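S.K.: Below is the structure I would like to discuss, written out as structure tokens.
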Amino acid sequence: MTTIRAHSAPRAGTFLERCAARLGLTIALVLLRLPFRYTVRLVRIARRVGRRPLTPGHAEELVAAVRYVGRRRPVRIACMESSLGTVLAAALLRRNLTWCLGARFVPPPTEYHAWAEIPGHGPVGEYTAGGWHHHTAMCI
């Protein structure tokens, strides 16, 4: 049995967080079309704007807001796009998150992955239970 509720997601975050998520995700989609060195430079500049760290609960809400906004886009929004959008949305809210690129080791396969991280707290909005380990190759 299929219902509308199964295909729709509840709104995540406050109105201000959803606006920052929409703008951050749009900027992320533009930045990922540029050469990667420019993307890295602009993320480092954006991280200087946000001086205060996010609390883990607030960061989870921001990740959920970016994923909610991303579901309404007609383009592919995967880990790279959503994590970069989350970091940029946090910078728009004058907060600080770290953008991490690396690998995620799950029980059988290994896959490349990108995620947002609070310094000293680990990945935000990621499933880390059940043997999933995130190994960082580069933090920006």
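Every number here is computed from the coordinates shown, using simple stated rules; none is lab data. Nothing here was measured: the structure is a model prediction, and the numbers come from that model. With ideal geometry, Cβ positions are generated from the backbone for all residues, glycine too; neighbour counts draw on all protein chains shown.
S.K.: By the gyration tensor of its Cα atoms, with a ≥ b ≥ c the square roots of the eigenvalues, what is the shape of the range 60-102: rounded for a/c under 1.5, prolate for a/b over b/c, or oblate?
M.R.: Details: a/c = 2.16, a/b = 1.35, b/c = 1.61.
Oblate is the answer for the range 60-102, as a/c is 1.5 or above yet b/c matches or exceeds a/b.
S.K.: Here's a follow-up. With just the Cα atoms defining each centre, how far is the range 9-63 from the range 86-120? Give it in Å.
M.R.: 11
S.K.: In addition: Top mean-square fluctuation among Ile45, Ile118, Ile77, Gaussian network model of the chain, C-alpha springs under 10 Å?
M.R.: Answer for the Gaussian network model of the chain: Ile45.
S.K.: Okay, next question. Given +1 on the Cβ of Lys and Arg, -1 on the Cβ of Asp and Glu, and no further charges, what dipole in debye does the range 12-139 carry about its Cα centre, rounded to the nearest 20?
M.R.: Working: 18 positive and 7 negative charges, 126 e Å.
Charge dipole, the range 12-139, about its Cα centre: 600 debye, nearest 20.
S.K.: Would you calculate the volume per residue, in Å³, of the smallest convex hull containing every Cα atom of the chain? The partial results should precede the final answer.
M.R.: Working: hull volume 18.1 nm³, N = 140.
Considering the Cα atoms of the chain, their hull volume per residue is 129 Å³.
S.K.: Okay, moving on. Using a 7 Å offset from the Cα along the Cα-to-Cβ direction at both Arg11 and His121, what is the distance between the two label points in nm, to one decimal?
M.R.: Modelled inter-label distance: 2.4 nm.
S.K.: For the chain, with the dipole built from +1 on Lys and Arg beta-carbon atoms and -1 on Asp and Glu ones, taken about the Cα centre, which of Ala114, His58, Ala46 lies farthest toward the positive end?
M.R.: With unit charges placed on the Cβ atoms, the residue in question is Ala46.
S.K.: Additional query: Separation between the Arg48 and Arg94 pseudo-spin-labels, each 7 Å from Cα along Cα→Cβ, expressed in nm?
M.R.: If labels sit at Arg48 and Arg94, their model points lie 1.8 nm apart.
S.K.: Can you compute the FRET efficiency between His135 and Arg41 using 1/(1 + (r/R0)^6), with r the Cβ-Cβ distance and R0 = 30 Å? Round to the nearest 0.05.
M.R.: Numbers: r = 24 Å, r/R0 = 0.82.
So, using R0 = 30 Å, E works out to roughly 0.75.
S.K.: Using the Cβ atoms and a cut-off under 12 Å, what net charge is assigned to the surroundings of Gly125, where Lys and Arg are +1 and Asp and Glu are -1?
M.R.: Working: positive: Arg67; negative: Glu60, Glu61, Glu117, Glu126.
Once all neighbours under 12 Å are counted, the net charge is -3.
S.K.: Taking 0.36 nm per residue of sequence separation and subtracting the Cα-Cα distance, how much length would be gained by fully extending the chain between Val75 and Tyr112, in nm to one decimal?
M.R.: Numbers: separation 37, 0.36 × 37 = 13.32 nm, distance 2.00 nm.
Extra length from Val75 to Tyr112 when fully extended: 11.3 nm.
S.K.: With r defined as the distance between the Cβ atoms of Phe105 and Val30 and R0 fixed at 35 Å, what FRET efficiency is calculated, to the nearest 0.05?
M.R.: On the way: r = 31 Å, r/R0 = 0.89.
In this case the efficiency is close to 0.65.
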